[in-house]
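What follows is a short report on a single structure.
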Amino acid sequence: MSLDTGSHLLFGFTMAGLSYLDPAVSGDPTLAQAVMVGTVVGSNAPDIDSVVRLKGYSAYIRYHRGIMHSIPAWFVWPAVIAVPLAAGYQVWDHFWTLYGWILLSVAFHVILDLFNTYGVQIARPFAKKWFHLDILAIFEPFLFVVHLGGLWWWYQGADPRQLFGWVYAVTIGYIAVRAWHHRRVIDRVYRETDLTGICHVLPTFHWFHWLFVVETEDGFYTGKVSGRSVRVEDFYPKAQEHSAIRASMKTDGVRAFLSFAQWVHVTCRELQDGYEVIWSDVRFWYDKKLPFGVNVRLDKQGNVVWQRLGWRKRLWDPPFV
């Protein structure tokens, strides 16, 4: 279980606690139990698309956080989950209450995914564009501790209505503060680097440490913000023309990569028996490296010999996305 999955599981339980603000839920133990099962399942349901990983990493890149996370799916998931729960717990009279809380848990899952760097295709099937606000890390220790603490106090007998009202008020306030801080950091990068272009500021686990990418016409400048210090570290050019690069674009791995990546850097180097083309997503740069992308080996005639899509790092090394 990833840290991200663990957070969604925890938030499903705390959403069940929040549901006690609804008199129908707090006044009916059977409905409350159905809502808890529904919010826990609903809080994790969009990630069922992770099973496509069994078909290979290119399928995972294409479909994970795609249609299952889209706004239309927000309304499908609650129906799929609520119908069997209403039948099993015999709470048909409160079907729409059950549906509503499951809908809220599904939406909260997707909204949290939207706020991190990986993002979601929230507009599918109408548009394939990826949306990511780059405000929250994939795992937020503060939110995890707040929600885990709330769950513990509930277990100790605290009134869930007041308790989780505060938990979610703190959650919303925290996200708002992070969004405000994110905007301030973007302004600081522009002010202290004199770079012109589109600035993307990316979160880390540390509140006052951010990474940034400034996209210009020619390429991408990467750097770090640590407290009041702003430092440019590298530059990655955009354009590079070579027949091997064009040939590599016909591979399944590169097509999958380009359907997902937005800040693309590509290099080509000549080998003794052919070429190696390296495609990288600058969004996930870390420590002067570009660890995510696809490597393609070609022979002298431009025929693909080997390709590999994925991370060029160990599982426990950053970035954690």
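The values are calculated or read from the model by the stated rules, or taken from the named source; none is laboratory data. In this text, all values refer to a predicted model and were calculated from it rather than measured experimentally. Methodologically, a virtual Cβ is constructed for each residue, glycine included, from the backbone with ideal geometry; neighbour enumeration extends over all protein chains shown. Ligands, DNA and RNA are stripped out before the accessible areas are found, and what is left, the full protein with its side chains, is counted by its heavy atoms. Shrake-Rupley method; radii C 1.70, N 1.55, O 1.52, S 1.80 Å.
Extension gain for K55-D187 works out to 43.3 nm (0.36 nm per residue, less the C-alpha to C-alpha distance). Of all complete DSSP H helices in the chain, those with a Cα span along the helix axis of 20 Å or greater and a mean Kyte-Doolittle hydropathy of 0.0 or more are 3-18, 29-44, 71-89, 95-114, 141-155.
Would you mind calculating the gained length between W316 and D234 on full extension (0.36 nm times residue separation, minus the Cα-Cα distance), in nm to one decimal? Mind dumping the intermediate values first?
On the way: separation 82, 0.36 × 82 = 29.52 nm, distance 2.37 nm.
Length gained, W316 through D234: 27.1 nm.
Please give me, ordered by residue number, the GluC sites (Glu not before Pro) of region 203-261 that lie in loop per DSSP and have at most 16 other Cβ atoms within 10 Å.
On the way: sites: E215, E217, E233, E241; in loops: E217, E241.
Here the GluC sites (Glu not before Pro) that fit, given the DSSP loop and packing criteria, are E217, E241.
Compute the separation of the alpha-carbon centres of region 136-186 and region 52-111 and state it in Å as a whole number. First find each Cα centre; the distance between them is then 23 Å. Structural size metrics of region 274-319, computed from C-alpha coordinates, are Rg and Dmax of 12.3, 38 Å. The modelled label-to-label distance for the pair K289/Q301, using points 7 Å beyond Cα in the direction of Cβ, is 3.6 nm. Think of a 1.4 Å ball rolled over the protein heavy atoms: the chain then has 50 Å² of accessible area per residue. At q = 0.10, 0.22, 0.24 Å⁻¹, what base-10 log of I(q)/I(0) does the Debye formula yield for region 149-234 when every alpha carbon is treated as an equal point scatterer in vacuo? With one equal scatterer per Cα and no solvent, log10 I(q)/I(0) is -0.39, -0.97, -1.09. Computed from phi, the 3J(HN,Hα) profile of region 196-207 under the Karplus parametrisation 6.51, -1.76, 1.60 (θ = phi - 60°) reads 10, x, 9, 9, 10, 10, 10, x, 10, 5, 8, 4 Hz, with x in place of Gly and Pro. Computed with every protein chain present, the accessible area of K313 is close to 50 Å² [probe 1.4 Å].
Between amide H atoms placed 1.01 Å from N, distances below 5 Å from G219 occur with K238, all of them 5 or more places distant or on a separate chain. On the basis of the beta-carbon distance and an R0 of 22 Å, R255 and I48 show a calculated FRET efficiency of 0.35.
For M68, the solvent-accessible surface with a 1.4 Å probe is about 70 Å², rounded to the nearest 10.
Which value, in nm² and rounded to one decimal, describes the direction-averaged projected area of the C-alpha convex hull of the chain? Spell out each step's value before the answer.
Details: hull surface 73.7 nm².
Orientation-averaged projected area of the Cα hull: 18.4 nm².
With a Förster radius of 30 Å applied to the beta-carbon distance between F131 and H209, the computed FRET efficiency rounds to 0.80.
The label point for L271 and the one for I67, both projected 7 Å from the Cα toward the Cβ, are 3.7 nm apart.
Provide the FRET efficiency to the nearest 0.05 for the K224-L148 pair, computing r from the beta carbons and using R0 = 45 Å. Intermediate results must be reported in sequence, preceding the final value.
Details: r = 30 Å, r/R0 = 0.67.
About 0.90, to the nearest 0.05.
By the equivalent-ellipsoid construction on the alpha carbon gyration tensor, region 55-213 comes out with semi-axes of 33, 24, 12 Å, ordered largest to smallest. Stokes-Einstein, applied to the Kirkwood radius of region 168-321 over Cα pairs at a viscosity of 0.890 mPa s and 25 °C, places its translational diffusion at 143 µm² s⁻¹. For K55, the aspartates and glutamates whose Cα falls under 15 Å of its own Cα, not counting residues fewer than eight places away in the same chain, are D252.
For region 186-249, the relative contact order comes to 23 percent (Cα pairs under 8 Å, sequence separation of at least 6). Here, P(r) means the percent of Cα pairs in each 5 Å bin from 0 to the largest distance; for region 190-244 it is 5, 19, 28, 21, 12, 8, 4, 3, 1.
Between F75 and H242, the simple spin-label model (points 7 angstrom out along Cα→Cβ) gives 5.0 nm. In a fully extended conformation the segment linking A24 and V83 would gain 19.5 nm over its present Cα-Cα distance, using 0.36 nm per residue. Per-atom-type breakdown for the chain gives carbon and sulfur 62% of the accessible area (1.4 Å probe, protein chains only).
Using the Cβ of R178 as centre and a radius below 11 Å, the other residues enclosed give a net charge of 0, where K and R count +1 and D and E count -1.
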